[in-house]
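A.B. asks: This structure is in C-alpha coordinates; I'll ask about it shortly.
The values are calculated or read from the model by the stated rules, or taken from the named source; none is laboratory data. Quick caveat, the model's predicted, so the values are computed rather than measured. FYI the Cβ positions are ideal-geometry reconstructions off the backbone, even for glycines, and counts take in every protein chain you see.
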Amino acid sequence: MRTKIVAGNWKMNLDRDQSIQLVNAISAALQNHDLQGNRVMVFPPFVNISAAQQASNRDLRVEVGAQNMHQAASGAYTGEVSAQMLLSNEVTTVILGHSERREYFYESDALLKEKVDAAIAHGMEVVFCFGEKLEERNTGNHFKVVEDQLKKAIFHLHEGDWEKIILAYEPVWAIGTGMTASPEQAQEMHAFIRATIAQAYSREMAEGISILYGGSVKPGNAVEIFGKPDVDGGLIGGAALQAADFIAIIKAL
Ligand code: PEP
(Lines give C-alpha, C1' and ligand atoms only; values in the text may rest on other atoms or scores of the structure.)
Protein backbone atom coordinates (compact mmCIF):
# COMPACT_ATOMS: atom_id res chain seq x y z
CA MET A 1 0.00 0.00 0.00
CA ARG A 2 1.33 3.41 -0.90
CA THR A 3 1.93 6.01 1.77
CA LYS A 4 -0.51 8.87 2.21
CA ILE A 5 1.05 12.25 2.90
CA VAL A 6 0.02 15.76 3.88
CA ALA A 7 2.84 18.22 3.19
CA GLY A 8 2.85 21.94 3.97
CA ASN A 9 4.76 24.22 1.62
CA TRP A 10 5.31 27.38 3.63
CA LYS A 11 6.86 29.27 0.67
CA MET A 12 8.42 32.59 1.84
CA ASN A 13 6.25 32.89 4.95
CA LEU A 14 6.64 32.85 8.74
CA ASP A 15 9.57 34.08 10.79
CA ARG A 16 11.52 31.94 13.25
CA ASP A 17 9.10 32.27 16.18
CA GLN A 18 6.05 31.75 14.01
CA SER A 19 7.66 28.64 12.53
CA ILE A 20 8.27 27.19 15.98
CA GLN A 21 4.74 28.01 17.10
CA LEU A 22 3.22 26.35 14.06
CA VAL A 23 5.23 23.13 14.41
CA ASN A 24 4.46 23.05 18.15
CA ALA A 25 0.75 23.38 17.41
CA ILE A 26 0.83 20.62 14.78
CA SER A 27 2.84 18.31 17.06
CA ALA A 28 0.47 18.93 19.96
CA ALA A 29 -2.57 18.17 17.82
CA LEU A 30 -1.01 14.94 16.57
CA GLN A 31 -0.06 13.76 20.04
CA ASN A 32 -3.29 11.78 20.39
CA HIS A 33 -3.98 11.24 16.73
CA ASP A 34 -3.20 7.90 15.14
CA LEU A 35 -1.56 8.70 11.81
CA GLN A 36 -1.96 5.05 10.73
CA GLY A 37 1.29 5.13 8.79
CA ASN A 38 0.49 8.38 7.00
CA ARG A 39 3.22 11.04 6.85
CA VAL A 40 3.10 14.73 7.78
CA MET A 41 5.75 17.06 6.39
CA VAL A 42 6.45 20.79 6.53
CA PHE A 43 8.72 22.74 4.21
CA PRO A 44 9.90 26.03 5.75
CA PRO A 45 12.31 28.46 4.09
CA PHE A 46 15.96 27.37 4.53
CA VAL A 47 16.70 29.71 7.45
CA ASN A 48 13.87 28.35 9.56
CA ILE A 49 14.44 24.65 8.90
CA SER A 50 16.55 24.10 11.98
CA ALA A 51 14.07 25.92 14.25
CA ALA A 52 11.25 23.81 12.83
CA GLN A 53 13.30 20.64 13.35
CA GLN A 54 13.95 21.53 16.96
CA ALA A 55 10.28 22.24 17.53
CA SER A 56 9.35 18.89 15.97
CA ASN A 57 11.86 16.93 18.06
CA ARG A 58 9.27 16.14 20.69
CA ASP A 59 7.18 14.54 18.01
CA LEU A 60 9.26 13.26 15.14
CA ARG A 61 6.13 12.54 13.17
CA VAL A 62 6.29 16.07 11.77
CA GLU A 63 9.03 15.76 9.16
CA VAL A 64 10.87 18.86 7.98
CA GLY A 65 12.07 19.27 4.39
CA ALA A 66 13.45 21.96 2.08
CA GLN A 67 11.65 23.89 -0.66
CA ASN A 68 14.51 23.82 -3.16
CA MET A 69 18.19 23.02 -3.69
CA HIS A 70 20.93 23.66 -6.23
CA GLN A 71 22.09 20.93 -8.58
CA ALA A 72 25.84 21.46 -7.97
CA ALA A 73 27.68 19.92 -5.03
CA SER A 74 29.32 23.23 -4.06
CA GLY A 75 30.86 26.30 -5.67
CA ALA A 76 30.40 29.95 -6.57
CA TYR A 77 26.58 30.06 -6.59
CA THR A 78 25.71 32.92 -4.27
CA GLY A 79 22.50 32.40 -2.36
CA GLU A 80 22.19 28.71 -3.17
CA VAL A 81 22.13 25.54 -1.05
CA SER A 82 23.34 22.07 -2.05
CA ALA A 83 22.10 18.55 -1.31
CA GLN A 84 25.13 17.90 0.88
CA MET A 85 24.35 21.00 2.97
CA LEU A 86 20.78 19.86 3.46
CA LEU A 87 21.86 16.36 4.42
CA SER A 88 24.38 17.73 6.91
CA ASN A 89 21.40 19.46 8.54
CA GLU A 90 19.41 16.22 8.58
CA VAL A 91 17.12 17.36 5.79
CA THR A 92 16.43 14.37 3.57
CA THR A 93 13.40 15.53 1.55
CA VAL A 94 13.32 18.38 -0.98
CA ILE A 95 10.58 19.88 -3.13
CA LEU A 96 11.63 20.32 -6.76
CA GLY A 97 9.73 21.72 -9.73
CA HIS A 98 7.22 23.89 -7.90
CA SER A 99 5.40 26.09 -10.40
CA GLU A 100 6.62 29.23 -8.61
CA ARG A 101 10.22 28.07 -9.14
CA ARG A 102 9.42 27.32 -12.78
CA GLU A 103 7.73 30.68 -13.35
CA TYR A 104 9.63 33.23 -11.23
CA PHE A 105 13.06 31.61 -11.28
CA TYR A 106 12.89 30.21 -14.82
CA GLU A 107 13.54 26.63 -13.78
CA SER A 108 13.26 24.53 -16.95
CA ASP A 109 12.56 20.82 -17.29
CA ALA A 110 16.25 20.34 -18.20
CA LEU A 111 17.41 22.12 -15.05
CA LEU A 112 14.92 20.19 -12.93
CA LYS A 113 16.28 16.94 -14.36
CA GLU A 114 19.74 17.98 -13.10
CA LYS A 115 18.34 18.85 -9.68
CA VAL A 116 16.44 15.56 -9.45
CA ASP A 117 19.61 13.66 -10.40
CA ALA A 118 21.65 15.52 -7.77
CA ALA A 119 19.06 14.81 -5.08
CA ILE A 120 18.77 11.12 -6.00
CA ALA A 121 22.57 10.75 -6.20
CA HIS A 122 22.68 11.98 -2.59
CA GLY A 123 19.97 9.56 -1.51
CA MET A 124 17.46 12.34 -0.92
CA GLU A 125 13.71 12.03 -1.29
CA VAL A 126 12.12 14.36 -3.87
CA VAL A 127 8.62 15.81 -3.89
CA PHE A 128 8.42 16.50 -7.61
CA CYS A 129 5.82 19.10 -8.61
CA PHE A 130 4.30 19.57 -12.05
CA GLY A 131 1.01 20.64 -13.59
CA GLU A 132 -0.59 22.52 -16.44
CA LYS A 133 -1.47 26.20 -16.79
CA LEU A 134 -5.05 27.35 -17.32
CA GLU A 135 -4.68 27.96 -21.06
CA GLU A 136 -3.18 24.50 -21.45
CA ARG A 137 -6.21 22.94 -19.79
CA ASN A 138 -8.62 25.14 -21.70
CA THR A 139 -7.07 24.06 -25.00
CA GLY A 140 -7.22 20.39 -24.01
CA ASN A 141 -3.45 20.03 -23.75
CA HIS A 142 -3.22 19.26 -20.01
CA PHE A 143 -2.49 15.54 -20.33
CA LYS A 144 0.25 16.16 -22.89
CA VAL A 145 1.83 18.95 -20.81
CA VAL A 146 1.90 16.78 -17.68
CA GLU A 147 3.29 13.79 -19.56
CA ASP A 148 6.03 15.98 -21.08
CA GLN A 149 7.02 17.43 -17.71
CA LEU A 150 7.38 13.93 -16.26
CA LYS A 151 9.22 12.55 -19.28
CA LYS A 152 11.69 15.43 -19.41
CA ALA A 153 12.63 15.54 -15.74
CA ILE A 154 12.11 12.15 -14.11
CA PHE A 155 11.33 9.34 -16.54
CA HIS A 156 15.06 8.76 -17.12
CA LEU A 157 15.35 7.48 -13.53
CA HIS A 158 15.90 3.79 -12.86
CA GLU A 159 13.00 1.93 -11.34
CA GLY A 160 14.85 1.64 -8.00
CA ASP A 161 15.28 5.44 -7.82
CA TRP A 162 11.51 5.85 -7.67
CA GLU A 163 11.52 4.71 -4.07
CA LYS A 164 12.67 8.26 -3.41
CA ILE A 165 10.06 10.00 -5.57
CA ILE A 166 6.79 11.50 -4.37
CA LEU A 167 4.76 13.19 -7.11
CA ALA A 168 2.70 16.33 -6.57
CA TYR A 169 0.25 17.18 -9.34
CA GLU A 170 -0.44 20.88 -8.98
CA PRO A 171 -2.50 22.52 -11.72
CA VAL A 172 -1.00 26.02 -11.86
CA TRP A 173 -4.44 27.62 -12.17
CA ALA A 174 -5.42 26.17 -8.79
CA ILE A 175 -2.37 27.28 -6.78
CA GLY A 176 -3.15 30.10 -4.37
CA THR A 177 -6.19 31.10 -6.44
CA GLY A 178 -8.97 29.47 -4.44
CA MET A 179 -9.91 27.64 -7.67
CA THR A 180 -9.57 23.95 -6.82
CA ALA A 181 -9.60 21.16 -9.35
CA SER A 182 -12.77 19.18 -8.74
CA PRO A 183 -12.22 15.80 -7.08
CA GLU A 184 -13.14 14.25 -10.46
CA GLN A 185 -10.57 16.39 -12.34
CA ALA A 186 -7.91 15.47 -9.78
CA GLN A 187 -8.77 11.76 -9.98
CA GLU A 188 -8.80 11.83 -13.79
CA MET A 189 -5.32 13.35 -13.92
CA HIS A 190 -3.89 11.18 -11.14
CA ALA A 191 -5.15 8.03 -12.89
CA PHE A 192 -3.56 9.29 -16.11
CA ILE A 193 -0.25 9.90 -14.31
CA ARG A 194 -0.31 6.44 -12.80
CA ALA A 195 -1.09 4.87 -16.18
CA THR A 196 1.76 6.83 -17.76
CA ILE A 197 4.19 5.55 -15.12
CA ALA A 198 2.85 2.02 -15.61
CA GLN A 199 3.51 2.28 -19.33
CA ALA A 200 7.05 3.60 -18.86
CA TYR A 201 7.94 1.20 -16.00
CA SER A 202 5.43 -1.31 -14.68
CA ARG A 203 1.93 -1.39 -13.23
CA GLU A 204 3.28 -2.76 -9.97
CA MET A 205 5.68 0.16 -9.61
CA ALA A 206 3.03 2.73 -10.58
CA GLU A 207 0.71 1.39 -7.90
CA GLY A 208 3.35 2.08 -5.24
CA ILE A 209 3.96 5.75 -6.06
CA SER A 210 2.36 8.40 -3.84
CA ILE A 211 0.74 11.08 -5.98
CA LEU A 212 -0.31 14.17 -4.04
CA TYR A 213 -2.73 16.82 -5.24
CA GLY A 214 -1.92 20.49 -4.71
CA GLY A 215 -3.97 23.59 -5.43
CA SER A 216 -6.18 25.40 -2.92
CA VAL A 217 -6.78 22.37 -0.70
CA LYS A 218 -8.70 23.54 2.38
CA PRO A 219 -10.38 21.78 5.31
CA GLY A 220 -13.68 22.08 3.42
CA ASN A 221 -12.60 20.20 0.30
CA ALA A 222 -9.83 17.89 1.55
CA VAL A 223 -12.03 14.92 2.47
CA GLU A 224 -13.59 14.75 -0.98
CA ILE A 225 -10.30 15.19 -2.86
CA PHE A 226 -8.37 12.74 -0.65
CA GLY A 227 -11.22 10.27 -1.01
CA LYS A 228 -10.40 9.66 -4.66
CA PRO A 229 -8.58 6.36 -5.24
CA ASP A 230 -5.52 7.75 -6.99
CA VAL A 231 -5.06 10.80 -4.74
CA ASP A 232 -2.63 9.95 -1.95
CA GLY A 233 -2.80 13.20 0.01
CA GLY A 234 -1.90 16.80 -0.66
CA LEU A 235 0.75 19.45 -0.98
CA ILE A 236 -0.76 22.40 0.83
CA GLY A 237 0.23 26.07 0.49
CA GLY A 238 -1.97 28.75 2.09
CA ALA A 239 -3.84 26.42 4.42
CA ALA A 240 -0.56 25.01 5.75
CA LEU A 241 0.18 28.33 7.47
CA GLN A 242 -2.76 28.09 9.87
CA ALA A 243 -2.41 25.35 12.46
CA ALA A 244 -6.15 24.66 12.68
CA ASP A 245 -6.56 24.36 8.91
CA PHE A 246 -3.47 22.21 8.43
CA ILE A 247 -4.47 19.90 11.28
CA ALA A 248 -7.99 19.55 9.85
CA ILE A 249 -6.46 18.64 6.47
CA ILE A 250 -4.20 16.04 8.12
CA LYS A 251 -7.25 14.56 9.83
CA ALA A 252 -9.03 14.45 6.46
CA LEU A 253 -6.57 11.73 5.40
C1 PEP B 1 1.40 25.11 -3.35
O2 PEP B 1 2.01 26.15 -3.31
O3 PEP B 1 2.01 24.05 -3.54
C4 PEP B 1 -0.06 25.15 -3.16
C5 PEP B 1 -0.75 24.07 -3.42
O6 PEP B 1 -0.59 26.33 -2.71
P7 PEP B 1 -2.13 26.59 -2.27
O8 PEP B 1 -2.54 25.44 -1.41
O9 PEP B 1 -2.11 27.89 -1.55
O10 PEP B 1 -2.91 26.63 -3.53
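A.B. asks: Taking region 124-164, which residues are within 16 Å of the ligand (Cβ to nearest atom) and more than 28 Å from VAL64 (Cβ to Cβ)?
C.D. replies: Within region 124-164, the first condition is being within 16 Å of the ligand (Cβ to nearest atom), and the residues that meet it are 126-134, 137, 146, 149.
Matches in region 124-164: GLU132, LYS133, LEU134, ARG137, VAL146.
A.B. asks: Within region 153-176, can you find the residues that are under 18 Å from the mean Cα position of the chain (by Cα), part of a helix (DSSP H, G or I), farther than 15 Å from GLY215 by Cα and not acidic (Asp, Glu)?
C.D. replies: ALA153, TRP162, LYS164
A.B. asks: Going through region 212-253 one residue at a time, which ones are part of a strand (DSSP E or B) and either surrounded by fewer than 23 Cβ atoms within 10 Å (Cβ to Cβ) or not hydrophobic (A, V, I, L, M, F, W, C) (or both)?
C.D. replies: The first filter runs over region 212-253 and keeps only residues part of a strand (DSSP E or B), leaving 212-214, 233-236.
The answer is TYR213, GLY214, GLY233, GLY234.
A.B. asks: Give region 158-175 a look and list any residue that's in contact (Cβ under 8 Å) with a residue 60 or more places away in the chain and farther than 14 Å from ARG102 by Cβ, or say none. Walk me through it before giving the result.
C.D. replies: First pass over region 158-175, keeping only residues in contact (Cβ under 8 Å) with a residue 60 or more places away in the chain: 166, 168, 170, 172, 175.
Once the filter is applied, which keeps residues that are in contact (Cβ under 8 Å) with a residue 60 or more places away in the chain and farther than 14 Å from ARG102 by Cβ, region 158-175 yields only ILE166.
A.B. asks: Report the residue count in region 177-200 for those that are away from the ligand (no atom under 16 Å from the Cβ) and either part of a loop (DSSP other than H, G, I, E, B) or at pLDDT below 95 (or both).
C.D. replies: Within region 177-200, the first condition is being away from the ligand (no atom under 16 Å from the Cβ), and the residues that meet it are 184, 187-188, 191-200.
Applying the additional criterion that residues be either part of a loop (DSSP other than H, G, I, E, B) or at pLDDT below 95 (or both) yields none.
Of the residues in region 177-200, 0 are away from the ligand (no atom under 16 Å from the Cβ) and either part of a loop (DSSP other than H, G, I, E, B) or at pLDDT below 95 (or both).
A.B. asks: Within region 36-81, can you find the residues that are in contact (Cβ under 8 Å) with a residue 40 or more places away in the chain and of a type in the set (Phe, Trp, Tyr)?
C.D. replies: Selection gives PHE43 alone.
A.B. asks: I want to confirm something. Restricting to region 92-109 and keeping residues that are within 12 Å of the ligand (Cβ to nearest atom) and of a type in the set (Asp, Glu), which single residue is farthest from PHE43 (Cα to Cα)?
C.D. replies: So the residue we want is GLU103.
A.B. asks: Can you go through VAL6, VAL47 and tell me which one is under 16 Å from the mean Cα position of the chain (by Cα) and either modelled with pLDDT of 95 or more or among the small types (Gly, Ala, Ser) (or both)? Lay out the reasoning, then the answer.
C.D. replies: On the way: VAL47 fails: under 16 Å from the mean Cα position of the chain (by Cα).
Going through VAL6, VAL47 in turn, just one is under 16 Å from the mean Cα position of the chain (by Cα) and either modelled with pLDDT of 95 or more or among the small types (Gly, Ala, Ser) (or both): VAL6.
A.B. asks: Could you list, in sequence order, the residues of region 1-37 that are surrounded by fewer than 17 Cβ atoms within 10 Å (Cβ to Cβ) and either under 20 Å from GLU125 (Cα atoms) or within 16 Å of the ligand (Cβ to nearest atom) (or both)?
C.D. replies: Those that are surrounded by fewer than 17 Cβ atoms within 10 Å (Cβ to Cβ) and either under 20 Å from GLU125 (Cα atoms) or within 16 Å of the ligand (Cβ to nearest atom) (or both): MET1, ARG2, THR3, MET12, ASN13, GLY37.
A.B. asks: Shifting gears a bit: Can you report the number of residues in region 125-144 which are surrounded by fewer than 17 Cβ atoms within 10 Å (Cβ to Cβ) and of a type in the set (Val, Ile, Thr)?
C.D. replies: So the count comes out to 1.
A.B. asks: Residue pairs, Cβ under 6 Å, 6 or more apart or interchain, first in region 134-145 and acidic (Asp, Glu), second surrounded by 14 or more Cβ atoms within 10 Å (Cβ to Cβ) and assigned to a helix (DSSP H, G or I). List them.
C.D. replies: GLU136/HIS142; GLU136/VAL145
A.B. asks: Under 8 Å between Cβ atoms, which residue pairs at least 6 apart in sequence (or on different chains) link something in region 227-252 that is in contact (Cβ under 8 Å) with a residue 40 or more places away in the chain and farther than 13 Å from ASN9 by Cβ with a partner that is of a type in the set (Val, Ile, Thr) and part of a loop (DSSP other than H, G, I, E, B)?
C.D. replies: ASP232/THR3
A.B. asks: Give the residues of region 215-238 that are within 11 Å of the ligand (Cβ to nearest atom) and not small (Gly, Ala, Ser), sorted by residue number.
C.D. replies: Those that are within 11 Å of the ligand (Cβ to nearest atom) and not small (Gly, Ala, Ser): VAL217, LYS218, ASN221, LEU235, ILE236.
A.B. asks: Continuing with this model, one more query. Can you pull out every residue in region 170-200 that is among the hydroxyl-bearing types (Ser, Thr, Tyr) and surrounded by fewer than 17 Cβ atoms within 10 Å (Cβ to Cβ)? Reasoning before the result, please.
C.D. replies: Quick first cut of region 170-200, residues among the hydroxyl-bearing types (Ser, Thr, Tyr) only: 177, 180, 182, 196.
Listed by number, the residues that qualify are THR177, SER182.
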